[in-house]
Amino acid sequence: MYFGLSEEQKSLEENISKFLSDNAPLDTIKAVANGEEEKAEEIHKGIIELGLSGIMVPESYGGLELNMLFATVVSSALGSGTAPVPYIGAYVMAPLAISLAGDEDQKNEWLPKIAGGEKVIGVGLSEFVGAREDAGIEFDKGKVTGRSLFLIDGKNADAYLLANKSGELFLIDASSKGIKVTELVTVDKTRTSVELTLDKVDATLLPGTSDLSVIEKVLDAGRLMLSADTVGASQVMLDKAVAYSLERKQFGRLIGSFQAVKHMCAEMAAELEPCHSMIWHAAHSQDSSAEDARLMACQTKAHVSEVGKQVSKTATEVHGGMGFTDELGLHYWFKRIGLNRQLLGSPELIREEAGKLQGFDQ
Amino acid sequence: MDLEYGPEYDEFRSEVINFIKENEDVKVSGPMRDESRINWQQKLIDHGYFARSVPKEYGGYGGDMDIIKLRIIAEEFAKSPIPKAMGGQGIQMLVPTLLSLGTEEQKQQYIRPTLRGEMIWCQGYSEPNSGSDLASLQTKGELDGDEWVINGQKIWTSTAQLAQMCFILVRTEPDAPKHQGISYLLMPMDSEGIDRRPIKQMTGDSDFNELFLTDVRIPAENIVGKRGEGWQVANATLGHERGSLADPNVTQNRLNSLIDLMKTETIDGQRVIDKPIFRDRLLAIQGRLMAQQSNALRILSSQINEGQDATLAKFIVKLQGTELRHELEGLAIDAMGELGTLYEDSPHLRDHGAWQQTYMYYLGLIIGGGTNQIQKNIISERALGMPKEPKVQGA
Ligand SMILES: Cc1cc2nc3c(=O)[nH]c(=O)nc-3n(C[C@H](O)[C@H](O)[C@H](O)COP(=O)(O)OP(=O)(O)OC[C@H]3O[C@@H](n4cnc5c(N)ncnc54)[C@H](O)[C@@H]3O)c2cc1C
């Protein structure tokens with residue numbers, strides 16, 4: 001028995017962290033948040049060079065064919081660095097969906113280009129999870145009409161992967177006629193989001209999505225990635241809080257010597273430490289198609305979101321007034337955790353789903 | 001126990017209700033000091049719904065100090081969306097301080113314009129190295145002839161960008177023990193030698209500032225209380241700040257908006273409020289708020305019934321109120337789901353992004369006005385009689 005990351009996984013994590021600390025320090029993140037998109041593009045190129053765009057693509061289509069545990073490691077590292085790059089939609093959910101349910105033409109057309117970092121696919125499953133603003137799409141005779149909100153990695157994407165309410169997935173070329181893209185502005189400036197309005201747009205169905213098993217797997221994967229991103233970001237917030245408590249003095253003492261501050265940090269650690277194990281475990285359950293894989297994905301997303309909320313608040317408090325400033329930049333992590341919490345279902349909605357999975361609604 | 005305020009108050013309450021009805025459509029807009037705000041503020045003063053017990057000669061309504069009437073006004077205004085009286089540190093902190101400790105000239109000069117919202121104040125207490133440990137502050141004030149000369153640095157000074165005046169704590173008696181060496185001065189913000197730099201906050205706004213003070217000269221008479229008594233003067237008003245940061249009546253107003261929001265937002269066509277999981281969270285928050293409102297009644301009662309002690313009840317207000325408010329705003333975000341993350345000028349934005357803004361802002365208020373950890377120290381030490389932490393030598 002061995003519960004933990006492999007050497008290979010650890011070194012992948014280190015490589016990404018090193019790349020991000022060299023190439024995406026806080027000043028760069030700030031520049032991106034203030035609209036310097038070219039800087040984000042540079043970082044995006046860098047993670048493609050690291051091979052991250054190919055991790056979920058099968059080897060036969062030019063990818064690395066790594067598993068969900070690897071993908072989780074990557075997501076956590078990207079969350080730690082508040083990396084302003086496409087990943088969860090473009091490089092995990094989309095290639096997974098196409099590999100699982102695409103026909104040969106679709107696979108040949110998209111997978112090698114995803115792996116090679118040439119194409120980005122934005123993913124819109126929000127309406128399948130729970131439709132807001134009466135959004136939703138209808139597929140009829142090869143055409144899609146409707147509205148989809150909060151596409152993950154949808155800005156400047158080359159194509160979109162969308163779901164209808166019955167869980168079928170469609171691919172749409174971004175250059176097709178009848179698409180209106182509206183940018184949505186969220187609190188999290190390290191990632192982008194868009195809304196699509198579609199009027200009889202050409203679409204191709206992923207033929208393998210006639211039952212729910214594929215969209216469920218894709219959704220689980222997305223939720224796991226969001227959880228890992230939150231865990232990575234939360235860990236940084238905790239580490240920063242501890243470090244600050246060892247620098248800052250009040251009443252002639254390091255604030256870290258006050259039991260109140262120690263307890264805040266210890267409570268964050270006590271909540272957060274199991275979350276690392278939980279995301280690995282949940283990822284492994286996906287990889288081994290364990291019976292409780294879905295339940296674990298749901299509970300992981302819901303639980304980690306709650307812990308992230310608590311950690312991001314408490315870590316800010318440890319910093320006192322500094323924590324509330326833009327300059328310190330702690331809020332980039334805070335807001336990233338805040339967005340992750342809502343994407344692909346807030347904790348309440350996901351727990352409802354977890355209950356159903358266990359037949360509690362019968 | 002007698003919850004009736006008495007028949008004389010029923011009449012008063014209906015007067016207030018009528019006033020609110022008649023003024024339902026009043027809108028104030030624009031920045032602070034906008035005419036519409038000042039006119040509305042004056043109207044509230046004229047009717048005794050604001051600055052009720054402040055003497056007429058200083059610009060108040062000149063009514064009796066009837067706490068029950070104040071309570072009725074607060075209750076009825078909380079129920080309605082009409083604009084509330086302006087607040088701010090001048091109104092909430094400086095005016096009460098001047099009323100009890102200011103000279104006649106200071107009262108004459110400052111109270112009226114402050115109440116009307118024409119004169120805005122900022123609070124110059126915190127320094128880079130003196131936050132929780134405020135009494136360690138180092139900004140110097142030296143008397144030179146008939147002027148104070150101020151040198152040093154302040155930080156986190158809210159609304160300094162709008163303020164004409166600053167009530168500031170400076171060390172004037174460097175040789176005295178730290179709590180006895182501070183004085184409370186009134187500093188015009190257009191004085192020479194003040195370099196103000198805005199600090200951007202996590203919300204994206206820049207409501208607070210750093211103040212670099214170099215040989216700032218202000219008249220010697222601009223001191224409240226005596227030299228070296230500034231700590232006591234400031235403490236008299238910190239209580240006012242802590243109460244006002246988390247007024248349950250204001251939270252009630254916000255809860256009403258949250259209920260409306262949860263009735264309008266839908267998930268798959270179902271109203272959020274119809275989802276038991278969200279409804280339960282809403283009701284739990286309502287329960288906590290009701291407890292805080294009852295607590296406020298007890299505080300009120302202690303103010304009108306001699307001998308009734310509400311020390312502990314008062315000490316918990318800031319801690320409980322700011323935490324509750326932060327959670328309330330957080331529930332609104334969850335109720336909106338992904339839409340709750342929208343900000344700035346995004347399409348589909350609800351209430352101009354106020355829920356996110358306030359969610360973050362109240363995290364700021366959990367820190368500001370004495371952090372909630374410090375509040376817990378105060379509760380345990382001053383109200384529960386537990387021993388203080390051992391002091392570090394020389395601190
Ligand atoms: C939104 C906002 C508005 C503000 N407006 C103003 C203003 O207008 N004017 C003004 O003068 N100031 C203002 N402040 C400053 C505010 O009063 C200070 O930020 C606050 O007192 C904390 O001080 P600090 O930031 O130096 O944090 P620190 O004192 O450095 O605290 C850091 C951490 O250590 C903890 N800590 C410190 N000492 C102890 C202890 N003895 N026991 C346990 N824990 C401890 C704190 O709780 C906190 O978690 C504002 C702050 C905010 C956030």
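Key figures
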read-out: Subset of region A:1-49 [among the hydroxyl-bearing types (S, T, Y) and under 18 Å from A:A233 (Cβ atoms)]; value: A:S17, A:S21, A:T28
read-out: Residue within region B:342-352 that is surrounded by 14 or more Cβ atoms within 10 Å (Cβ to Cβ), among the small types (G, A, S), under 30 Å from A:V129 (Cβ atoms) and more than 13 Å from the ligand (Cβ to nearest atom) present; value: yes
read-out: Among residues of region B:98-122, those that are more than 25 Å from B:S36 (Cβ to Cβ), surrounded by 20 or more Cβ atoms within 10 Å (Cβ to Cβ) and in contact with a Gly (Cβ under 9 Å, 6 or more places away or on another chain), counted; value: 1
read-out: Residue tally, condition farther than 24 Å from A:P207 by Cβ and more than 14 Å from chain B (Cβ to nearest Cβ), over region A:142-160; value: 1
read-out: Elements of type helices (runs of 4 or more DSSP H) in region B:286-395, at least 2 residues being within 12 Å of chain A (Cβ to nearest Cβ); value: B:317-336, B:354-367, B:372-378
read-out: In region A:22-38, the residues that are assigned to a helix (DSSP H, G or I) and surrounded by 12 or more Cβ atoms within 10 Å (Cβ to Cβ); value: A:N23, A:L26, A:T28, A:I29, A:K30, A:A31, A:V32, A:A33, A:E37
read-out: Some residue of region B:111-130 being over 22 Å from B:Q164 (Cα atoms), free of Cβ contacts under 8 Å to residues at least 24 places away in the same chain and either within 16 Å of the ligand (Cβ to nearest atom) or within 14 Å of chain A (Cβ to nearest Cβ) (or both); value: yes
read-out: Test: A:Q358 is surrounded by fewer than 21 Cβ atoms within 10 Å (Cβ to Cβ), closer than 30 Å to B:D133 by Cβ and more than 8 Å from chain B (Cβ to nearest Cβ); value: no
read-out: Matching residues, region A:136-157, being farther than 24 Å from A:K189 by Cα and in contact (Cβ under 8 Å) with a residue 40 or more places away in the chain; value: A:I137, A:F139, A:G142, A:K143, A:V144, A:T145, A:G146
read-out: Top-ranked residue in region A:299-322 [being touching a Leu at 6+ places or on another chain (Cβ under 7 Å) and buried (at least 24 other Cβ atoms within 10 Å of the Cβ); ranked as nearest to the other protein chains (Cβ to nearest Cβ)]; value: A:T316
read-out: Residue that is touching a Phe, Trp or Tyr at 6+ places or on another chain (Cβ under 9 Å) and closer than 23 Å to A:A163 by Cα, where the choices are A:K107, A:K113; value: A:K107
read-out: Helices (runs of 4 or more DSSP H) wholly inside region A:247-346 containing at least 3 residues that are touching a helix residue (DSSP H, G or I) at 6+ places or on another chain (Cβ under 9 Å) and either of a type in the set (G, A, S) or modelled with pLDDT under 95 (or both); value: A:259-287, A:293-318
read-out: 3 or more residues among the hydroxyl-bearing types (S, T, Y): qualifying helices (runs of 4 or more DSSP H) within region A:62-179; value: A:68-80
read-out: Residue count for region B:268-285, restricted to those that are outside any helix (DSSP H, G or I), within 10 Å of chain A (Cβ to nearest Cβ) and touching a helix residue (DSSP H, G or I) at 6+ places or on another chain (Cβ under 7 Å); value: 0
read-out: Some residue of region A:298-314 being farther than 30 Å from A:F3 by Cα, over 21 Å from the mean Cα position of the chain (by Cα) and within 16 Å of the ligand (Cβ to nearest atom); value: no
read-out: Test for A:I98: is it touching a strand residue (DSSP E or B) at 6+ places or on another chain (Cβ under 8 Å) and under 27 Å from A:T204 (Cβ atoms); value: yes
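This table checks each residue for (1) more than 14 Å from chain B (Cβ to nearest Cβ); (2) within 16 Å of the ligand (Cβ to nearest atom).
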{"position": "A:G222", "(1), (2)": "no, no"}
{"position": "A:A228", "(1), (2)": "yes, no"}
{"position": "A:M237", "(1), (2)": "no, yes"}
{"position": "A:E267", "(1), (2)": "no, yes"}
{"position": "A:H276", "(1), (2)": "yes, no"}
{"position": "A:I279", "(1), (2)": "yes, no"}
{"position": "A:A290", "(1), (2)": "yes, no"}
{"position": "A:A293", "(1), (2)": "yes, no"}
{"position": "A:M296", "(1), (2)": "yes, no"}
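The values are calculated or read from the model by the stated rules, or taken from the named source; none is laboratory data. The shown structure was predicted, so the numbers you read here are calculated from the model rather than taken from an experiment. Because the Cβ atoms are built from the backbone with ideal geometry, glycine has one as well, and the counts that use them run over all protein chains shown.
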